[in-house]
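S.K.: Sharing a structure here in structure tokens format.
The values are calculated or read from the model by the stated rules, or taken from the named source; none is laboratory data. Values in this document were obtained by computation on a predicted structure and should not be read as measured data. We place every Cβ from the backbone using ideal geometry, glycine too, and count neighbours over all the protein chains shown. Protein only, heavy atoms only, side chains kept; ligands, DNA and RNA dropped before computing areas. Shrake-Rupley method; radii C 1.70, N 1.55, O 1.52, S 1.80 Å.
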Amino acid sequence: MTFLAPGFLFASLAVAAGIVALHFIVTRQPRAALLPTARFVPDTPATTVARARRPSELLLMFLRVLLVIAAGAGMAKPVLTPRRGAQARVILVDVSRSARDTIAIRDSVHAIYRNGDAVVVFDSSARVVTGDISAGIDSLRPTIRRGNLSAALIAALRAGSSLRERADSLELVLVSPFAKEELDAATDSIRKLWPGRARLVRARQPAVDSARVTRKLGITADVNDPLRVTVMLAGQRITGNGQRAAGNGQRETGNALINRGPGFSSQAASRSGEAGALIEWPASTRPRFAVPRAVKDTVGGVMAGESGVVAAFERAWSYPPDSLRGGEVVARWVDGEPAAIEKPDGPGCVRSVAIPVTPVGDLVIRTEFVRFVASLSRPCAQTTSLIPADPAAVAKLEGNGGLAPRESFQPATDARSDLAPWLFALALTAAIAELLVRRRGKNANANRELRVPSREARAA
């Protein structure tokens, strides 16, 4: 048995020792004696404090000690420690939109898993598989959410703390296609918190060369639209009202098309048949999927990926929770509210942007806003989820060294103790019994005092 919070147990033992010490200090009535001046002594009980050779009221002392120790032991969360094995594994399983080959994922996990291992599945969040783990592995399905290796590694550290009492050493296993979008700026530093190396199992998937997804950006807008300047500064081609600037009568579309007016679909964003993004960014009308705000307000900035813009934006539209079903947020205001969302649409996707672009000032020519627009015009998630991560970044995930020793992990303090409820019930029972015994003792003392004669009677 081990205690997850032993400090409470030590504190209860100290309190119990104090209770025992107090029971050696008793208050008793001294031996009665006849004095000639007894009539001048007030007729009140005479008591004195003395040290006893053995504790008084043994039953009451036992109940009080039992109450304190049972309550302290319950708060210390005792758990039965299983016999430790030589090795255990924490298996991180990628079920994000990047993991397209479900059968390969399941086969890989089944080949690695052993009884006693912890299995953590992750997409944008991470969760531990509980219950029948083999059945849980068989039910793995990819989701439509982006993978987050940082969240998965944090969950792995917690799982390692729960396994430290079961094995002498722990191994980290990652089963994933290791897409580029799954890594962020914190992944490397979080990975270093796990000591030793990790075993990487790459799941098969149709890979996409990142060089091939560098796309052109087009825009359909009025001639005086300020956003045309931003697209031009981004070094992309621009079309006015869907026509080439050279005026040869043919529409020129890029793989991402910013639509500042109605009448286009996601297929128009990729005239060559490749998957493209239609960015619905109306200049004055209601953005797609958005609803009017109850009260217009002003916010001081917006973020898309690693690109941010600090400026005063007047917010007139918002995205209700229902609009996010089946999609994801691609830009947020500084207070966390969605500013732009993306939803799949056939081979491409549709992005709805509710960010006003003012023609006043230098917003459209600022470098950070140009980068922000370029971030909003990135390829659809269906394409970016297949771009593999850089080999150097994957090598950092693998690390070096041996297996992680159990001492490297903190004991889990948030685990559930099955014995704690019983100990609290024992403490409650002892408290009730102590109250009854104390009342019975008071009644007995009262009856004894009634039978003791007064001093005047003894003097007479």
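S.K.: Would you tally the residues in segment 301-328 being open to solvent by 40 Å² or more (accessible area, probe 1.4 Å) and within 24 Å of A185 (Cα to Cα)?
M.R.: 5
S.K.: Quick check on this structure: which one of A111, A126, A86, A46 is small (G, A, S), more than 18 Å from S161 (Cα to Cα) and modelled with pLDDT of 65 or more?
M.R.: A111
S.K.: Continuing with the same structure: Which of the residues spanning segment 89-108 are of a type outside the set (D, E) and over 24 Å from A167 (Cβ atoms)? Step through it out loud before you land on a result.
M.R.: The initial filter retains those residues of segment 89-108 that are of a type outside the set (D, E), namely 89-93, 95-100, 102-106, 108.
Across segment 89-108, the qualifying residues are V95, S96, R97, S98, A99, R100, T102, I103, A104, I105, R106.
S.K.: Within segment 359-378, restricting attention to residues that are charged (D, E, K, R) and under 30 Å from R97 (Cβ atoms), which residue is surrounded by the fewest Cβ atoms within 10 Å (Cβ to Cβ)?
M.R.: E368
S.K.: Also, I was wondering about something else. Can you tell which of A111, A135, A155 is among the small types (G, A, S) and in contact (Cβ under 8 Å) with a residue 60 or more places away in the chain? Before the answer, list the steps.
M.R.: Values: A111 fails: in contact (Cβ under 8 Å) with a residue 60 or more places away in the chain; A135 fails: in contact (Cβ under 8 Å) with a residue 60 or more places away in the chain.
On inspection, the qualifying residue turns out to be A155.
S.K.: Look at A339 and say whether it is open to solvent by 10 Å² or more (accessible area, probe 1.4 Å) and in contact with a strand residue (DSSP E or B) (Cβ under 8 Å, 6 or more places away or on another chain).
M.R.: no
S.K.: Right, next: Among the candidates A381, A393, single out the residue that is open to solvent by less than 20 Å² (accessible area, probe 1.4 Å), on the phi < 0 side of the Ramachandran plot and either among the aliphatic types (A, V, I, L, M) or over 28 Å from the mean Cα position of the chain (by Cα) (or both).
M.R.: That would be A381, the only listed residue that is open to solvent by less than 20 Å² (accessible area, probe 1.4 Å), on the phi < 0 side of the Ramachandran plot and either among the aliphatic types (A, V, I, L, M) or over 28 Å from the mean Cα position of the chain (by Cα) (or both).
S.K.: Filter segment 418-460 down to the residues that are under 30 Å from M75 (Cβ atoms) and open to solvent by 100 Å² or more (accessible area, probe 1.4 Å), then identify the one that is modelled with the lowest pLDDT.
M.R.: In this case the residue turns out to be D418.
S.K.: Quick one: how many residues across segment 284-300 are within 21 Å of G361 (Cβ to Cβ) and surrounded by 14 or more Cβ atoms within 10 Å (Cβ to Cβ)?
M.R.: Of the residues in that region, 1 qualify.
S.K.: Something else now. Quick one: V41 ticks every box in (1) outside the structural domain of W194 (by TED's automatic domain parsing); (2) of a type in the set (A, V, I, L, M); (3) at pLDDT 80 or above bar one, so which box is it?
M.R.: The single condition V41 does not satisfy is (3).
S.K.: Which members of segment 138-152 meet the condition of being in contact (Cβ under 8 Å) with a residue 60 or more places away in the chain and either outside any loop (DSSP other than H, G, I, E, B) or more than 28 Å from R325 (Cα to Cα) (or both)?
M.R.: Answer for segment 138-152, where residues must be in contact (Cβ under 8 Å) with a residue 60 or more places away in the chain and either outside any loop (DSSP other than H, G, I, E, B) or more than 28 Å from R325 (Cα to Cα) (or both): L149, A152.
S.K.: Check off (1) of a type in the set (S, T, Y); (2) more than 18 Å from N259 (Cα to Cα); (3) crowded, with 21+ Cβ neighbours inside 10 Å for S352 and give me the number that stays unchecked.
M.R.: Of the numbered conditions (1) of a type in the set (S, T, Y); (2) more than 18 Å from N259 (Cα to Cα); (3) crowded, with 21+ Cβ neighbours inside 10 Å, the odd one out for S352 is (2).
S.K.: So which residues in segment 95-119 are under 28 Å from T384 (Cβ atoms) and buried (at least 22 other Cβ atoms within 10 Å of the Cβ), if there are any at all?
M.R.: Of everything in segment 95-119, those that are under 28 Å from T384 (Cβ atoms) and buried (at least 22 other Cβ atoms within 10 Å of the Cβ) turn out to be S96, R97, S98, A99, I105, V109, V119.
S.K.: Suppose we keep only residues that are of a type in the set (D, E, K, R) and either open to solvent by less than 10 Å² (accessible area, probe 1.4 Å) or touching a strand residue (DSSP E or B) at 6+ places or on another chain (Cβ under 8 Å) (or both) within segment 172-183. Which one would you say is nearest to V93 (Cα to Cα)?
M.R.: Going through the qualifying residues, I end up with E182.
Yes or no, residue by residue, for (1) at pLDDT below 90; (2) small (G, A, S); (3) under 19 Å from D94 (Cβ atoms); (4) out of contact with any Cys (no Cβ under 6 Å at 6 or more places or on another chain):
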position	(1), (2), (3), (4)
V121	no, no, yes, yes
I137	no, no, yes, yes
I144	yes, no, yes, yes
A156	no, yes, yes, yes
L170	no, no, no, yes
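Condition check ((1) of a type in the set (G, A, S); (2) touching a Ser or Thr at 6+ places or on another chain (Cβ under 8 Å); (3) more than 23 Å from D222 (Cα to Cα); (4) not in a strand (DSSP E or B)) across all residues:
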{"position": "G308", "(1), (2), (3), (4)": "yes, no, yes, no"}
{"position": "A311", "(1), (2), (3), (4)": "yes, no, yes, no"}
{"position": "E314", "(1), (2), (3), (4)": "no, yes, no, no"}
{"position": "R332", "(1), (2), (3), (4)": "no, no, yes, no"}
{"position": "D335", "(1), (2), (3), (4)": "no, no, yes, yes"}
{"position": "A340", "(1), (2), (3), (4)": "yes, yes, no, no"}
{"position": "V350", "(1), (2), (3), (4)": "no, yes, no, no"}
{"position": "T358", "(1), (2), (3), (4)": "no, no, no, yes"}
